[in-house]
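Since every read-out is calculated from the coordinates, none of them should be taken as a lab result. This one's a predicted model, so the numbers in the text were calculated from it and none came from an experiment. Cβ placement follows ideal geometry from the backbone for every residue including glycine, while neighbour counts extend to all protein chains displayed.
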Amino acid sequence: MIPSSIRKVYQGAADRRQMFRMFDRHKERPNRVEDNATALYSGEWFEIGEAEHDYMFEILPPLWMRGDMFAMREFLTGCITSVFFELKIDERIRYFHGYCDLGDRQSPERMRAAIVERESRPVRAMTREERLDHIWSSTHDPYRGYADWRFPAAERGKRIVIVYGQDRSHDFRLLDRLTDAEIAVKLPVHLRYLPDAIAA
């Protein structure tokens, strides 16, 4: 599964449909009922639009508000809940959603700092992990999943996506084993040739 760290999981601003889809982008994981998904969700963030931010603010009274952020009162798992941010970055107001572990009181502030640092980069670039997360976030459920009995025991439960061959064949492959060429094919054209960013 995904390690617990602050990470961008979608490039660009998600519209409302995509936002709701990404709120539970791991819903098809095996053992969903039995496992503790805190590490899976904690630290994930993505950009949204102002309308999506305001819509979420109006759904329910927030659990709390702190200046440029508010937390939802419904928890996804354990102490993980949605925190929404309104941040001024490079003289422009932008909006973000992140999953924070409220068991750690500093989690929202660390998330905010990480978003500002990531989005303030002078050159637009993506890490390999950001590319893979974008592919996962933007791939529809029938074309992605989790490794099952067809894979060696050590790989079961890892994320997989369909890869198409030049001969029109297709098969599921482990997401983290995609080649650079396979990653490029799965990214939108405007993201394919961005330079590699150094992971923080």
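Taken along the Cα-to-beta-carbon direction at a fixed 7 Å, the label points for LYS27 and ALA125 span 3.6 nm.
Neighbours of ILE48, meaning other residues whose beta-carbon lies under 11 angstrom from its beta-carbon, give a summed charge of -4 when Lys and Arg score +1 and Asp and Glu score -1. Listing ILE183, ILE6 from fewest to most neighbouring C-beta atoms within 10 Å gives ILE183, ILE6.
Highest average first, the peptides 75-88, 149-162 ordered by how many other beta carbon atoms sit within 10 Å of their residues are 75-88, 149-162. Distances between placed amide hydrogens fall under 5 Å for SER82 paired with MET72, LEU76, all partners being 5 or more residues away or on another chain. Take the Cα of LYS158, step 7 Å toward its Cβ, do the same at ARG17, and the gap between the two points is 3.2 nm.
Basic side chains Lys and Arg get +1 at the Cβ, acidic Asp and Glu get -1 at the Cβ, and with that the dipole of the chain about its Cα centre reaches some 360 debye.
When the charge dipole of the chain is built from unit charges on Cβ atoms (+1 for Lys and Arg, -1 for Asp and Glu) and taken about the Cα centre, the candidate among LEU40, GLN11, PRO188 whose Cα reaches farthest toward its positive end is PRO188.
Dividing the summed helix terms, -39500 (n - 2.57) for each DSSP H run of n ≥ 4, by the number of residues in the chain produces a 222 nm estimate of -7500 deg cm²/dmol to the nearest 500. Taking the DSSP beta bridges with both ends in the chain, the antiparallel portion is around 85 percent.
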